[in-house]
Every structure is written in C-alpha cells, then in structure tokens.
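The values are calculated or read from the model by the stated rules, or taken from the named source; none is laboratory data. In this text the structure is predicted, and so the values were computed from the model without any measurement. Every residue, glycine as well, gets a Cβ built from its backbone with ideal geometry; the counts of neighbours run over all protein chains shown. Heads up: the accessible areas ignore ligands, DNA and RNA and are worked out on the full protein's heavy atoms, side chains in. Shrake-Rupley method; radii C 1.70, N 1.55, O 1.52, S 1.80 Å.
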Amino acid sequence: WSDSGLDLSNAKVGVVTTTFPAVFTAPKKAYALASSPTPDAMFTKDLSWDKDATHTNDVGTFLPLEALNALVDEGTIGQVSERFYGVPTEYSQSRTHADAQEIVAWAKEDGVDAMILVPL
C-alpha cells in the first residue's frame, strides 16, 4: 500500500462481510460484532460460492481480521475497527440500501476511515 502513495498508517479499517455468525437468529439482517476475538466459524452454507472447488473452513479467507491485525503490527494501517459488519445479500434493492445506511452509521460511530468489502 505504501508503494501506491496511499498512506493508511493512521487509518482505522473496517470489514463488511456477507457471512453470518455461526449461531444467529432469523431473519437475517445487518449486524455489527466485535472484531476481537476473531470468530472461529461463520455461517456460509446458504450463500452462493463454488462448493466443489473450495471450502469456507478458514475464516481468514473471507473475514480478514487477523491479516488486518498483522498490517497494524507492521505499521501499514493504524488500527482495525473494534467491530466488523455483516449484511445479507439475497433480497430487495430498497433493503440493501437501508442496510448500507445502517452499516455506514455504525462505521461512523466506530471512526472507520476505510472499509474492506468481502462478499462470499
């Protein structure tokens, strides 16, 4: 990142995922959860991904909180947001817009400067 001229060394970085906690209550809706400790598992079974070619056993492949913490340790980014955010994907445009507004509000509360979107 530093090679690109973009300085994120003081930035707080957040993550938005389309996965859900391993245990959740229906209906699915936007959520914010603590980034630490990193969850051991997330619910991915009903999401669309190539289940013949890959798996979702490694949470770090789609929820990169540990990788971001390593970037903090290196001084590449300032910090990881205290919360990560999740949003469902398979529904109306109006609900997507409302959920996006909620996530933006949470990110502002948390002082997030940059967001990584990780759809699954």
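What's the angle, to the nearest 10 degrees (0 to 90), between helix 65-74's Cα axis and the longest principal axis of the chain?
0
Please compute the per residue accessible area over the chain with all protein chains in place, 1.4 Å probe, rounded to a whole number of Å².
With all protein chains present, the chain gives 61 Å² per residue.
Roughly how many percent of the accessible protein surface of the chain is carbon and sulfur, given a 1.4 Å probe and a whole-percent answer?
C and S atoms contribute 53 percent here.
Angle, helix 93-109 long axis vs. longest principal axis of the chain, Cα atoms, 0 to 90°, nearest 10?
Rounded to the nearest ten degrees, it is 40.
Report, in deg cm²/dmol and to the nearest 500, the calculated mean residue ellipticity at 222 nm for the chain, where each DSSP H run with n ≥ 4 adds -39500 (n - 2.57) and the sum is divided by the residue count.
-7000 deg cm²/dmol
Just grab the label-to-label distance for Gln93 and Ala34, each label 7 Å out from Cα along the Cβ direction, in nm (one decimal).
Computed distance between label sites Gln93 and Ala34 equals 4.0 nm.
Using just the C-alpha positions of the chain as equal point scatterers, what log10 of I(q)/I(0) does the Debye formula give at each q in 0.12, 0.17 1/Å?
Listed by q, the Debye log ratios stand at -0.46, -0.89.
Determine, from the Cβ-Cβ distance of Thr25 and Asp73 and an R0 of 30 Å, the FRET efficiency 1/(1 + (r/R0)^6), rounded to the nearest 0.05.
So the FRET efficiency works out to roughly 0.30.
Consider a paramagnetic label point 7 Å from the Cα of Glu109 along Cα→Cβ; state which residues of segment 3-34 have an amide N under 11 Å from it.
31-33
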